[in-house]
Amino acid sequence: MASLSFNKIQPPTFGKLVTILSIDGGGIRGIIPATALEFLESELQKLDGKDARIADYFDIVAGTSTGGLVTAMLTAPDANDRPLYAAKDIIPFYKKHGPHIFPQKNGIIGSVESILGQLGNPKYDGKYLHQLIKDNLGEIRLNHTLTNVVIPTFDIKNLQPTIFSSFETKTSPYLDALLSDICISTSAAPTYFPAHYFTNDDGSGNSSEFNLIDGGVAANNPALIAVGEVTKQVFRKDPNFAPIRPMDCGRLLVISLSTGSAKQEEKYTAQMASGWGRFGWLIHGNSAPILDVFNQSSKDMVDYFLSVVFQSLYSEDNYLRIEDDSLVGVNASVDVSTKQNIEELVEIGQNLLKGPCSRINMCTGVPEPIVNGGTNEDALKKFAKILSDEQKLRRSKAATQNNSDAN
């Protein structure tokens, strides 16, 4: 098929849907959703040509922690005003830089040093990650992204979330920060990386300060925040979102990608945790149990809420959640960056695509395979066709309006 010419995505007012992509946090496990993104983009390229990119099809891309970094990679512009990275480049990025972001200390001595080090300092100093992000994103700001992005962080000085949203940069210019500062902040997982402090000028000489940590403590699954941003624009009567109504799920298309979670019996038990004090909840083997609990509960509650809402409004086919909740051993860790684990995570992502498409059972709250629902690959192929058709419709209507205005 002939390649289409891609410009900045046309607003939803020219189409039928508001399209949302959400990517969870999860450290090195970002390889798992990266596999799904690569497959989705390849399907879009089959439909619209080799130049098609994820940012050409989604009105909002939301990401937390490692998902926030992937969000920036997919939406930040290069010198030609196209995405810095194609989806196929993300896994090679993790393979190349993961071992340097999460340097491993091997053996018993290494494990002891790591545990003792965490008593007074983050597990990693973050220097490699911070420089890598700065080198890639340079002076790119939030308002420069090729489509709208939503990246949550948490301000530990004010004890409240700080959500960096493209929609807010016009009314709250102090949020139009460097994308590098935003990515460093949303990746600053407590106990793993240092908190991030920076200031930002609003363009009128007023400076705001930020004291931020990983957005995962507030929204490890940012899909609900993305839906909330749409609702805010509708409430504000943004003409780009007319005539959508708040929580009109029939007009929303959401793809939510998880970084996976541990098999239930693989993590912790009440007997195990009953004797833990502060130290036990902070450090257990290679994990920080308190963070695992907060992050997993945050992800699952968002999935449960959105599943219930979409199903109750008969729009369940517009919501796709892809998750593997059967990770075992080091595969469930957020920072084991050995060559073996990275290759296994790639394989897990590929197997997940072949696995059955699932949906939350509203009675039990547990994901179950959809009857006759096919595989996750099948679902992504279907969504790729919907996304392609939606963008063709928008371009057609926008061109018609432009011709009408010119006459």
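The values are calculated or read from the model by the stated rules, or taken from the named source; none is laboratory data. For clarity, every value in this text was computed on a predicted model and none was experimentally measured. Here the Cβ positions follow ideal geometry from the backbone for every residue, glycine too, while neighbour counts run over all protein chains shown. Accessible surface is based on the protein model in full, side chains and every heavy atom, while ligands, DNA and RNA are left aside. Shrake-Rupley method; radii C 1.70, N 1.55, O 1.52, S 1.80 Å.
List of remarks:
- In nm, spacing of pseudo-spin labels at Q271 and S42 (7 Å Cα→C-beta vector): 4.5 nm
- Estimated 222 nm signal from helices in the chain, with DSSP H stretches of n ≥ 4 weighted -39500 (n - 2.57), rounded to 500: -13000 deg cm²/dmol
- With DNA, RNA and ligands ignored, accessible area of M362 (1.4 Å probe; Å², nearest 10): 80 Å²
- Lys/Arg +1, Asp/Glu -1 at C-beta; the chain dipole; positive extreme among H130, P103, P356: P356
- Per-residue SASA remark: K95, around 80 Å² accessible (1.4 Å probe; ligands, DNA and RNA not included).
- Correct choice for Cα extents along the principal axes in Å that was computed from the model, options (1) 87, 62, 43; (2) 73, 49, 39; (3) 75, 58, 37: (3)
- Debye, to nearest 20: dipole size of the range 1-97, +1 on Lys, Arg Cβ, -1 on Asp, Glu Cβ: 160 debye
- Under Karplus coefficients 6.51, -1.76 and 1.60, residue-wise ³J(HN,Hα) of the range 336-350 in Hz, glycine/proline x: 7, 10, 5, 4, 5, 5, 4, 5, 5, 5, 4, 5, 4, x, 5
- Portion, in percent, of the accessible area of the chain that falls on carbon or sulfur, probe 1.4 Å: 54 percent
- Computed over the chain, relative contact order equals 23 percent, with contacts defined as Cα pairs under 8 Å that lie 6+ residues apart.
- Probing with 1.4 Å while keeping every protein chain in the model, the per residue accessible area of the chain equals 45 Å².
- Long-range HN-HN contacts of I23 with modeled amide H, under 5 Å: A62, G63, T64, L257
- Leading residue at positive end of dipole, the range 214-352 (Cβ point charges), from G329, Q296, G215: G215
- The charge dipole of the chain, taken about its Cα centre with unit charges on the Cβ atoms of Lys, Arg (+1), Asp and Glu (-1) only, comes to about 420 debye.
- Accessible area (Å², 1.4 Å probe, nearest 10) - E323: 40 Å²
- Across the range 71-88, computed HN-Hα scalar couplings (Karplus, 6.51 cos²θ - 1.76 cosθ + 1.60, θ = phi - 60°) run 4, 5, 4, 7, 10, 6, x, 8, 5, 9, 6, 10, x, 4, 10, 7, 4, 5 Hz from first to last residue, x flagging Gly and Pro.
- K8 versus E368: modelled label distance in nm, points set 7 Å from Cα along the beta carbon direction: 4.6 nm
- Measuring r between the beta carbons of D125 and N403 and using R0 = 45 Å, the FRET efficiency lands at 0.20.
- Compared with the direct C-alpha span, the chain from K339 to E209 gains 42.9 nm at full extension, assuming 0.36 nm per residue.
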